[in-house]
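Read through the structure below, which is laid out as structure tokens, and then see the notes.
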Amino acid sequence: MKIHYKKLLYCFFMTFAAMAIGAYYNDFGMEKWYHNIAQPAATPPDIIFPIVWGILYAMMATSFYLVFAAENKKIQNQKINNLFLI
């Protein structure tokens, strides 16, 4: 399978842009209540969350690319793109 670098960069950019937007709006609420609630002893440290979410979003971007690049029809790519971004 040939790698289409423009499509790969587009998929990663769009996925991580969604992550950045979500992180921006989520940060307002997290500071106020998350650290004040009673948490179980098995709660992982805060440093684990950005690592895991980063890996998760990288896998989502990769899967988006694999589906987006698999079909060469322009109309099909547009439908896949719109569905993913929604």
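The values are calculated or read from the model by the stated rules, or taken from the named source; none is laboratory data. Just so you know, these numbers come straight off a predicted model, no measurement behind them. Here Cβ is always computed from backbone atoms with ideal geometry, including for glycine, and neighbour counts include all displayed protein chains. Note: accessible area is taken over every heavy atom of the protein model, side chains too, but ligands, DNA and RNA are not part of it. Shrake-Rupley method; radii C 1.70, N 1.55, O 1.52, S 1.80 Å.
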Per-residue accessible area for F12 at 1.4 Å probe radius, Å² rounded to 10? 60 Å²
Could you count how many Lys pairs in the chain have their Cα atoms under 17 Å apart, skipping same-chain pairs fewer than 8 positions apart? 6
Given Cβ point charges of +1 (Lys, Arg) and -1 (Asp, Glu) and nothing else, what value in debye, to the nearest 20, does the dipole of the chain about its Cα centre take? 620 debye
Carbon and sulfur together cover what percent of the accessible area of the chain at a 1.4 Å probe radius? 70 percent
What does the extension gain come out to for K7 and Y24, with contour length at 0.36 nm per residue minus their alpha carbon separation? 3.6 nm
Farthest positive-ward along the chain dipole, Cα basis, beta-carbon charges - from M60, G22, A42: M60
Would you calculate, for the chain, the mean residue ellipticity at 222 nm contributed by helices, counting each DSSP H stretch of 4 or more residues as -39,500 (n - 2.57) and dividing by all residues, to the nearest 500? -26000 deg cm²/dmol
Relative contact order [Cα under 8 Å, 6+ residues apart], the chain, whole percent: 48 percent
Mind checking which helices in the chain clear 27 Å along their axis (Cα) and have mean Kyte-Doolittle hydropathy of 0.5 or more, DSSP H runs only? 48-70
